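Engineer: I am attaching a structure below and will ask some questions about it afterwards.
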Amino acid sequence: MKAADLLKRPEMKYEQIITVVPPEEEITPEVAEQVEIFIKYEGYIEKSMQQVERMKKMENKRIPENIDYYAINGIAKRRKQILQQ
């Protein structure tokens, strides 16, 4: 098992991992903290970056002028009135 996979577990800390797998060179506590955060949240970070990319692609899309907002579920009635104006 990789040390990174162990570190992904919520109960594991960087300090525990280095007792079993010592680092090749010393790192500061701040860097160790950043390594732990990145590894633990890597999946969330990746999903967020994918969402950002999807949003960037949508930024330049135009909403058709003749769209019927009343036909769209999930929009409050008052918002539909504002959008329809």
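Engineer: Considering only region 74-85, state which residues are open to solvent by less than 100 Å² (accessible area, probe 1.4 Å) and either assigned to a loop (DSSP other than H, G, I, E, B) or closer than 30 Å to D5 by Cβ (or both).
Structural biologist: The answer is G74, I75, A76.
Engineer: Here's a follow-up. Check region 50-69 and report whether any residue there is under 30 Å from A3 (Cα atoms), over 28 Å from the mean Cα position of the chain (by Cα) and at pLDDT below 90.
Structural biologist: No: region 50-69 contains no residue that is under 30 Å from A3 (Cα atoms), over 28 Å from the mean Cα position of the chain (by Cα) and at pLDDT below 90.
Engineer: Also, quick follow-up: Find the helices (runs of 4 or more DSSP H) located wholly in region 1-73 whose residues include 1 or more that are surrounded by fewer than 10 Cβ atoms within 10 Å (Cβ to Cβ) and out of contact with any helix residue (DSSP H, G or I) (no Cβ under 9 Å at 6 or more places or on another chain), and list them.
Structural biologist: 14-20, 29-59
The values are calculated or read from the model by the stated rules, or taken from the named source; none is laboratory data. Since we're looking at a predicted model, the values are computed, not measured. Note that we place each Cβ from the backbone using ideal geometry, even for glycine, and neighbour counts take in every protein chain shown. To get the accessible areas, we keep the full protein, side chains included, count just its heavy atoms, and leave off ligands, DNA and RNA. Shrake-Rupley method; radii C 1.70, N 1.55, O 1.52, S 1.80 Å.
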